[in-house]
Amino acid sequence: MTGRSHVVERIMLVGDPASPRVLGTRPSLADSVFRRTAYAAGAITVSVMLAVGLFLTLRATDALRVAGFGFLTEQQWSPETGHFGVAAVLFGTVTIGLVALCTALPLALGTALLLSEVARGRLRSTLVALVDLMAAVPSIVFGLWGVFFLQDNVIPVARWISTYFWWIPIFDVTDDSGATLTEDSAFTSSAFIAGIVVGLMIVPTMTSVMREAFSQAPIGEREGALALGATRWGMIRTVVLPFGRGGIIGGTMLGLGRALGETIAVYMIISPIFTINWQLLKSGSNSVSALIALRYGEASDFALSALMAAGLVLFLVTLVINFTASSIVARSRSGAQSEG
Amino acid sequence: MNRTARAISAALLAVAVGVGVLPASAGPASAASYIPITGTGSTWSQNALDQWRKNVAANYGMTVNYSGVGSSAGRRDFIAGTVDFAVSEIPFQSSPEDGSAPEIPPRGYAYMPIVAGGTAFMYNLKISGKRVTNLRLSGEVITKIFTGAITKWNDPAVQKDNPGLAMPDKTITPVVRSDGSGTSAQFTLWMSKQFPGIWKAGLRSQFPTPPGGKAQNGSLGVAGYVSQDYGEGAITYVEYSYALKSGFPVAKVLNAQGYYIEPTANSVAVALLSAGINSDLTQNLDNVYSSGDKRAYPLSSYSYMIIPTEVGGIFTEEKGATLGAFTRYMLCEGQQQAPALGYSPLPMNLVQAGSDQIKRIPGAGSQGIDFTSCNNPTFKAGDSPSSNRLASSAPQPADCDKVGTSQCTTGTAGATQETPVSGTGTGGKANTSPDAGASGGDTGGEVQYDENGTPIGGGVTGASAVSKPFTVEDQGMGPTQWLMVAAGGLFFAAVLLPPFLSRRMRESAKK
Amino acid sequence: MSDTLLEAPPAPASAPRGARRTTVPDRVGETGERRRLHRATFEERFDLIGAAAAGLATSTLLFGWIAPLTGVVGWIVVSYLAFLGYYVLLTALVGDRQRIADRVATVLLVSAGAILFGALVFVVVFALLRGRDAFWHLNFFTQSMELAGPLDPLTEGGILHAIVGTLIQITIALAITIPLGIATAVFLNEVGGRFARFVRTIVDAMTALPSIVAGLFIYAAVIQLVTHQRSGFAAALAITVMMLPIVIRAADVVLRLVPGNLREASYALGAGRWRTVWGVVLPTARSGLVTAVILGTARGIGETSPVLLTSGVTAVLSFNPFSGPMISLPLQVFDFVRSPEPTMIARGFGTAAVLLMLVLVLFGIARVIGGRPPGQLSPRQQQRAQEASRRDADRMARRAAPVTASSTAPSESPAPVPHEKADPS
């Protein structure tokens, strides 16, 4: 804020009427220091991140050399015998992530719009603070809640879904021979339950990012829409949502990232299995980070290397997802101001 | 006021101990000179170590940090020299199965027994709506359950163990640990020694999930699963204390002398009187599994502390003095609280073995444990490993616990209520186990229910409890259902039509 | 956004029929009702209440008599769906499709919020209820677990050591993350270039780094190679590795939202890059940056897995992050709930409650410090801004004095200098 007087000063200096203006950048000392500092910050960040990636790769090579390409197709996880791969684990991770997104996205979008467009005054600031607070609820609390409360109450819902929607393959619950299962224990510890818990966990993060983006929608366009007779929803649909698309995607990716990497809550809920389980509601799933948390304690050096390799694969998957997201965000209008 | 009193009593205790239990270390290891020591390892022993850590901190001003990160992680930390001691259920693996580098610590080390316990089988089973609290299982049946060979509670082999119960036609859900754990290691070691024909996977701290089974993380996870409503029909292996605290029963396991025994502190300690120690100081439990004592619980085991015998890593001689004092405390005074914590006190033979190892800790002094003043509950001054207080005073099993047609109706572990005789065998009463918790589970309902929740009149016999899975599809579309659909349709029409019509009328009026 | 109350366009019936060209609508005759955007009319409320009552009645009827349905969850779902249906019907009685969409959307938004807050509050209340036994003992906050074991009652021992550990670890992590993270975000937005795109790619990729891998990395790279012991500092580093990409990414999103014309205005006034960033971009984005940091902190403070491998477990109060283990609240929760002892489990939930309270306080402070959006100044700030602009005007006047000889008195009332430069309208 103190820079204002300086700004004015510079205008006076530049405005020398005698000679033509030089249109080039002549960075001042402050600017070149700033540039270098910013570069250095970027470089440090990248080197830290690359160190993690490099380290993961290095530690994973031992295991990858043994497993070879089969690491991606093998479902079993038994480094002791040399048969290990991430197919089933990764599948479980993605399943849980998708269920979490399906739970979280409508809630987050609705809540973010509610906070930025509907709620006002004190109520809004309270709710905003509450959302931020919720983002900090330790995942272990969610895990305990999921195990001791939610699981018991979700079982009837899961059973209901599988009873009436069994014709959709992912909602069917059968045993190996194809017979339909209806007892409670068939519905416990499923990807469905873990996904719901993880979904609730990532909603606050997503809401926060989305709300921030929505609240930046240009007021000129908002009022213009309203003045033209748009209803509030019409205004949201035509102004706020297109403008906030970057925020929606950014928030969703942030949430998905957390969902895929979530450890403790998943670890407490699922019953880990090492086969691909298409049946969402059926007991048994797995996730890479839960696998790491479960196995590192009793892992030998080689098994640890295999776990690192699993971490690396998860990392690459999220890399791809994030690339897609970033390219969408880059093309969105977020950040552009009101035209005219 | 209170604080001063506590400080004074702590000081007094410290003095008393300095004079009594720790005469050898009185020189270098006075209360003021204790250096904080750190250890990692077994989650199984954590409860005990937490309590001991507190006790030595309160009484002697010793700081002991212990982190239950898992046995293998503990052994790795010990090799890396980042801890002063480690706790593990299995020794260093000289040739790990996966072909990775053998675990060879760069410094000298020794194994010292620290805490014993039995692997208990906690279950959630109801017959006619009443909780079963007196289930009995033989070792072979247990092994078959956890390998998926026996899948129903009314399997003839299970029925044979339980003549007094009419076993229901319900699926057994074996619940195992999903994380690596010492409990799994102890259980699999027992199965691999006793039933190598059925259990072929050897010692595994990572239990392979049996078909139809569930894997849950941590003792809390498995015990939590079994104790939920949806856990009916489930059985898991867990520390005895979890069953005790959650109000659930544990299975009595058949020992070599033909008695079904509950894993109480005494029955485990009695079994461990037969524990042998190999030349490399590792445990040899073969005699424990087939103990000649009819009071012995066969699945008894103990965990080691891995102690350094050379200075190196972060371990120094000053720390050795602290470690020495701490280990002496553990083997004597600390064992007093083992039963309350859900473990079993170490019997004299193992304390003697531990005492020899303490002498090898650098800086711990050259004397081990003074057996005349050691306050271990299983022996008193003048006892010998073959004749001691435990061996002479542990209660004998009741006759109804013997293999045969009778079955004790007394509850086990946390579930103290009796189970009525429902099978063909006769009942009987056992002397109530002294350390079964007062926290009774449910008291059993008055009305009896069958598996589908329908009240029945009672008088269930042997195999009459029939399983009938709950199905919806078989209701079909009869006249009643069609009527319902019609009623629903009419109802919605009554709701929907007026606004629709009024709108139509309004629009046409506008035009 | 101001409380916008707009006049509805005149009803089409009042416009002269047949007039095809654009005219200023005359106000003669009937003017529509004043449109209210933010407050429900009596009629709307009546619709809501009526629909809710009808929905409840319908589902009760269905569950009780007509259909073979059971279960509380099903009842709630059916009630809600029926409520929505009735609400649409009631709105359809008076409004057009636009209006129905608006009303239904509003109801859906409110329901999403209600479900979310309901569920989250329930999770928290669940933790508080389970932890209430431990929570009400003062010693829980003033003692460490050094002198309390699993068998001791709740009146002994506490989690002071974990509170201190969490505060120290998160402080170290923030001390690294905030400058580095915001500087990197600024670099991405204000400096740009090919390298910046590369950095952004890397950071984007890292936001999804599994937190346990961050822990593994620090364990193998720092603990095994350098320090040879678990410590609070190692834990702080693991938290940093996890938080950094989150903070950068969230900050990047907000900085991107700073209107370009503000930057252009600043450059046009002759400010350099640094001045623009420091004087325009950062203040404009301040509230968003605080949110970014809060999001990162929230994640870092509540996550167990990075500290699982790095901080070590201790029951002793420690103020030294560089030597010896130092436990934090989430790890303490994890450690407590693994115990079979009910008192320890109660302590675990109590600890989770304390963690929540701590976070609440920290966030409150953060919001007070940096939460006010740009352009909204407190009275004192406004006063200060006015003073500053007066000083500027004085100085400009003084500077101008030698150039224009016949100067007016410099004490004349100054021309207003716009200060609320970030007002987007």
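The values are calculated or read from the model by the stated rules, or taken from the named source; none is laboratory data. Everything numeric in this text was worked out from a predicted model, so none of it was measured. Here the Cβ is made from the backbone with ideal geometry for all residues, glycine too, and neighbour counts use every protein chain on show. Note: accessible area is taken over every heavy atom of the protein model, side chains too, but ligands, DNA and RNA are not part of it. Shrake-Rupley method; radii C 1.70, N 1.55, O 1.52, S 1.80 Å.
Only one entry in B:G342, B:G363 is within 22 Å of the chain's Cα centre (by Cα), part of a loop (DSSP other than H, G, I, E, B) and at pLDDT below 85, namely B:G342.
Applying the condition of being closer than 30 Å to C:P321 by Cα, modelled with pLDDT of 85 or more and within 7 Å of another protein chain (Cβ to nearest Cβ) to the range C:172-202 and asking which residue is surrounded by the fewest Cβ atoms within 10 Å (Cβ to Cβ) yields C:L180. Would a scan of the range C:377-384 turn up a residue that is at pLDDT below 85, surrounded by 14 or more Cβ atoms within 10 Å (Cβ to Cβ) and more than 14 Å from chain B (Cβ to nearest Cβ)? Within the range C:377-384, one or more residues are at pLDDT below 85, surrounded by 14 or more Cβ atoms within 10 Å (Cβ to Cβ) and more than 14 Å from chain B (Cβ to nearest Cβ). If you go through the range C:203-229 and keep only what is at the interface with another protein chain (Cβ under 7 Å from one of its Cβ atoms) and open to solvent by 20 Å² or more (accessible area, probe 1.4 Å), you end up with C:F217, C:A221, C:Q224, C:H228, C:Q229. Within the range C:343-361, is there a residue that is outside any helix (DSSP H, G or I), more than 9 Å from every other protein chain (Cβ to nearest Cβ) and modelled with pLDDT of 80 or more? No - not one qualifying residue is present in the range C:343-361. Answer yes or no as to whether A:A129 is open to solvent by 10 Å² or more (accessible area, probe 1.4 Å), within 7 Å of chain C (Cβ to nearest Cβ) and either modelled with pLDDT under 85 or under 20 Å from the mean Cα position of the chain (by Cα) (or both). So A:A129 passes the test. The residue that is most open to solvent (accessible area, probe 1.4 Å), counting only those in the range C:90-119 that are more than 14 Å from A:W233 (Cα to Cα) and touching a residue at least 12 places away in the same chain (Cβ under 8 Å), is C:V94. What is the number of the single condition among (1) within 25 Å of the chain's Cα centre (by Cα); (2) assigned to a helix (DSSP H, G or I); (3) within 7 Å of another protein chain (Cβ to nearest Cβ) that A:W160 does not meet? Of the numbered conditions (1) within 25 Å of the chain's Cα centre (by Cα); (2) assigned to a helix (DSSP H, G or I); (3) within 7 Å of another protein chain (Cβ to nearest Cβ), the odd one out for A:W160 is (1). A Cβ distance below 7 Å, combined with a sequence gap of six or more or placement on separate chains, defines the contacts here; from the range B:223-241, residues that are within 11 Å of chain A (Cβ to nearest Cβ) and within 23 Å of B:Q337 (Cβ to Cβ) reach no residue that is crowded, with 24+ Cβ neighbours inside 10 Å and modelled with pLDDT under 85.
Taking strands (runs of 3 or more DSSP E) as the structural unit, those lying wholly within the range B:54-129 and holding at least 3 residues that are more than 14 Å from chain A (Cβ to nearest Cβ), crowded, with 21+ Cβ neighbours inside 10 Å and not aromatic (F, W, Y) correspond to B:109-124.
Scanning the range C:82-107 for residues that are at the interface with chain A (Cβ under 9 Å from one of its Cβ atoms) and among the β-branched types (V, I, T) yields a count of 2. Exactly one residue among A:T126, A:T205 is touching a Lys or Arg at 6+ places or on another chain (Cβ under 7 Å) and under 30 Å from A:G246 (Cβ atoms), and that residue is A:T205.
Screening B:N266 on (1) out of contact with any strand residue (DSSP E or B) (no Cβ under 7 Å at 6 or more places or on another chain); (2) closer than 17 Å to B:P174 by Cβ; (3) buried (at least 24 other Cβ atoms within 10 Å of the Cβ) shows it passes everything except condition (2). Filtered by the rule that a residue be closer than 17 Å to B:G213 by Cα and of a type in the set (F, W, Y), the range A:132-190 gives a lone residue, A:F187.
When A:A186 is tested against (1) in contact (Cβ under 8 Å) with a residue 40 or more places away in the chain; (2) within 14 Å of chain C (Cβ to nearest Cβ), only condition (2) is not met. Within the range A:120-148, residues that are part of a loop (DSSP other than H, G, I, E, B) have Cβ atoms under 6 Å from residues that are at pLDDT 85 or above and not acidic (D, E) in these pairs: A:A136/C:I301; A:P138/C:P330; A:P138/C:A352; A:P138/C:L355, counting only partners at least 6 apart in sequence or on another chain.
Quick one: is A:L56 modelled with pLDDT of 85 or more, closer than 30 Å to A:I276 by Cβ, in contact with a helix residue (DSSP H, G or I) (Cβ under 7 Å, 6 or more places away or on another chain) and of a type in the set (A, V, I, L, M)?
Taking the combined requirement at face value, the residue does not satisfy it.
Of everything in the range C:313-342 that is within 14 Å of chain B (Cβ to nearest Cβ) and assigned to a helix (DSSP H, G or I), the residue that is most open to solvent (accessible area, probe 1.4 Å) is C:P342. Filtering the range A:295-318 to residues that are open to solvent by 10 Å² or more (accessible area, probe 1.4 Å) and under 19 Å from A:F69 (Cβ atoms) leaves A:F302, A:L312, A:V313, A:F315, A:L316, A:V317. Put simply, of A:L54, A:L72, A:L98, A:L64 the only residue that is within 14 Å of chain C (Cβ to nearest Cβ), of a type outside the set (D, E) and open to solvent by 10 Å² or more (accessible area, probe 1.4 Å) is A:L54.
Within the range C:212-257, restricting attention to residues that are without any contact (Cβ under 8 Å) to a residue 40 or more places away in the chain and outside any helix (DSSP H, G or I), the residue that is nearest to C:L331 (Cα to Cα) is C:H228. Filtered by the rule that a residue be open to solvent by 10 Å² or more (accessible area, probe 1.4 Å) and more than 7 Å from chain A (Cβ to nearest Cβ), the range C:267-282 gives C:Y267, C:A268, C:V280, C:L282. A single entry from C:T310, C:T297, C:T291 fulfils the requirement of being surrounded by 24 or more Cβ atoms within 10 Å (Cβ to Cβ), touching a helix residue (DSSP H, G or I) at 6+ places or on another chain (Cβ under 8 Å) and within 30 Å of B:G74 (Cα to Cα): C:T310.
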